[in-house]
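For reference, the structure discussed in these notes is given below.
Every read-out reported here was derived from the displayed coordinates using simple, explicitly stated rules and does not represent laboratory data. Keep in mind it's a predicted model, so treat the numbers as computed, not measured. Backbone-built Cβ (ideal geometry, glycine too); neighbour counts: all protein chains shown.
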Amino acid sequence: MLIHCMYCGHSIELSEAYDDYQGPLRCAVCKSLMAVRVEEGQLRSMEAPPKTPAPAAALKARPANPG
């Protein structure tokens, strides 16, 4: 199956091992990560993967009146 990177348009050939697959796929050219879902050899969805939440330490509330 042939699909195209949603970021750079590069052609990506998926083997039969991907006929029923859901998960990450990285473009070999631009290195972008996509979340794909393939069912019965047909691409059902392709989207940017969900962003990972920031570490808790980075989310600390700032003081109301820094000083």
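Before anything else, pin down the relative contact order of segment 5-45: Cα pairs under 8 Å, at least 6 apart, normalised by residue count, whole percent. Kindly include the intermediate steps, with their values, before the conclusion.
Working: 55 pairs, mean separation 14.4, N = 41.
The normalised contact order for segment 5-45 reaches 35 percent.
Could I have the simple spin-label model distance between His4 and Ser32, label points 7 Å from Cα toward Cβ, reported in nm to one decimal?
1.2 nm
Run the simple label-point estimate for Glu47 and Ser15 please: 7 Å along Cα→C-beta, distance reported in nm.
Computed distance between label sites Glu47 and Ser15 equals 2.9 nm.
From the phi of every residue in segment 13-26, what ³J(HN,Hα) in whole Hz does the Karplus formula 6.51 cos²θ - 1.76 cosθ + 1.60 yield, where θ is phi - 60° and glycine or proline is x?
My calculation for segment 13-26 gives 8, 9, 6, 4, 4, 9, 4, 9, 9, 9, x, x, 9, 10 Hz in order.
Which ³J(HN,Hα) values in Hz, rounded to whole numbers, follow from the phi angles of segment 28-39 under the Karplus curve 6.51 cos²θ - 1.76 cosθ + 1.60, where θ = phi - 60° and Gly and Pro get x?
Computed from phi, the couplings for segment 28-39 are 6, 8, 9, 6, 6, 9, 10, 9, 10, 9, 10, 10 Hz.
Per-residue HN-Hα couplings for segment 2-7, Karplus 6.51 cos²θ - 1.76 cosθ + 1.60 at θ = phi - 60°, whole Hz, x for Gly and Pro?
3J(HN,Hα) across segment 2-7, in whole Hz: 10, 10, 10, 4, 6, 9.
Taking amide H atoms as placed 1.01 Å from N in the peptide plane, list the residues 5 or more away in sequence, or in a different chain, whose amide H sits under 5 Å from that of Ser32.
Here the answer is Cys27, since their amide H atoms fall under 5 Å of that of Ser32.
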